[in-house]
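Heads up, the thing below is written out as structure tokens.
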Amino acid sequence: MLSVGNAFSIVVQFYVFMPVFYRLRQVSVYEYLGKRYGQLTRLAASGVYVLHMMLYMGIVLYAPALALATVMNLDKNVLVVGIGLLCTFYSTIGGIKAVLATDTLQALTIIATFASVTIKGAIDVGGLGEVFRIASDNGRLEFFNMSFDPTVRHTFWTQAIGGIPFYLTFAVGQNSVQRYLSVPSLHHARKSLLFAFFVGLITTVSTALTGLTMYANYASRGCDPFRSGQICASDQLLPFFVMELFENMPGLPGLFLAGILSGALSTISSSINSLAAITWADFIAPYVDTSKSPA
């Protein structure tokens, strides 16, 4: 249902935000705020964005490190540092081109990872039909909850309608804007955004199917690895399931590890790139004379 809200936000992005940003062709999206409301507003917004992205990247680094520590027997702090350094290296060397190229490969890896887990996990419980039956019998499927009760977290209205402003926040984010400004025309930018929507939809469906498949496997066995103490955090559940699922299938656990790393790398690399652009355009360039070059 959240993807329904995303579809409507795409229309708004097409005809409201994208033409403005593409016409201005600015390095930082906050240059627009500076022109409309003054330099102080621009710096305040940029500062909040920088703080937000730094906190966000910390979460994005920690979550996969915690998951990988389960299956690689490595210290999660070492993994955090290693992933961060790797992202910084290729983002620095290749810039936005490296970010876009690696994001494409990483998206394919993530989808392949979800597909392999779903297919093997569904086969083990008797097919996708059985996965949905187990999920339905245990109250794990809910598509059209039309309740207007504001205390209910997930309803059609909170997801489909609330999803519109949620996704519009990405429409004006530095991460998104700098990507579609890198293509040659507004027409190409719209095509890339539409393509990204369908890839995101596939990823969302794949994620949900993977979760349902994992639940069906453990529910059919009456097992909960977290409550039984086999894992120490719920974030470790999927890696633990994968290692059990592919125990006798060499290569597939490695594909899953690549999928986890891909999710972290693609997010961190684009965040680093956007922070570099913001730092230069908003906090350095306005206060130095870039027209002079050293002799």
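The values are calculated or read from the model by the stated rules, or taken from the named source; none is laboratory data. Bear in mind the structure is a predicted one, so any value in this text is a computation, not a measurement. Don't worry about glycine lacking a Cβ; one is built from the backbone with ideal geometry, like all the others, and counts go over all protein chains shown. Calculation scope for accessible area: heavy atoms of the full protein, side chains included, ligands and nucleic acids excluded. Shrake-Rupley method; radii C 1.70, N 1.55, O 1.52, S 1.80 Å.
See the values below:
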read-out: Top-ranked residue of region 99-110 - restricted to ones that are in contact (Cβ under 8 Å) with a residue 60 or more places away in the chain and among the β-branched types (Val, Ile, Thr), ranked as least open to solvent (accessible area, probe 1.4 Å); value: 99
read-out: Single condition residue 140 does not satisfy, out of (1) of a type in the set (D, E, K, R); (2) open to solvent by less than 70 Å² (accessible area, probe 1.4 Å); (3) in contact (Cβ under 8 Å) with a residue 40 or more places away in the chain; value: (2)
read-out: Residue among 283, 256 that is touching a residue at least 12 places away in the same chain (Cβ under 8 Å), open to solvent by 70 Å² or more (accessible area, probe 1.4 Å), under 25 Å from residue 59 (Cβ atoms) and in a helix (DSSP H, G or I); value: 283
read-out: Top-ranked residue of region 147-166 - restricted to ones that are open to solvent by 90 Å² or more (accessible area, probe 1.4 Å) and in a loop (DSSP other than H, G, I, E, B), ranked as farthest from residue 11 (Cα to Cα); value: 151
read-out: Subset of region 118-157 [touching a Leu at 6+ places or on another chain (Cβ under 7 Å) and farther than 16 Å from residue 219 by Cβ]; value: 120
read-out: Hits in region 3-29 (condition: open to solvent by less than 30 Å² (accessible area, probe 1.4 Å) and within 19 Å of residue 284 (Cα to Cα)); value: 26, 28, 29
read-out: Any hit, region 177-187, residues being of a type in the set (D, E, K, R) and without any contact (Cβ under 8 Å) to a residue 24 or more places away in the chain; value: no
read-out: Selection status of residue 202, β-branched (Val, Ile, Thr) and open to solvent by 40 Å² or more (accessible area, probe 1.4 Å); value: yes
read-out: Yes/no for residue 113 being buried (at least 18 other Cβ atoms within 10 Å of the Cβ) and either modelled with pLDDT under 85 or of a type in the set (Ser, Thr, Tyr) (or both); value: yes
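Rundown of residues vs (1) open to solvent by 70 Å² or more (accessible area, probe 1.4 Å); (2) in contact with a strand residue (DSSP E or B) (Cβ under 6 Å, 6 or more places away or on another chain); (3) assigned to a helix (DSSP H, G or I); (4) not hydrophobic (A, V, I, L, M, F, W, C), yes/no style:
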site: 168; (1), (2), (3), (4): no, no, yes, no
site: 184; (1), (2), (3), (4): yes, no, no, yes
site: 187; (1), (2), (3), (4): yes, no, yes, yes
site: 206; (1), (2), (3), (4): no, no, yes, yes
site: 231; (1), (2), (3), (4): no, no, no, no
site: 239; (1), (2), (3), (4): no, no, yes, yes
site: 242; (1), (2), (3), (4): no, no, yes, no
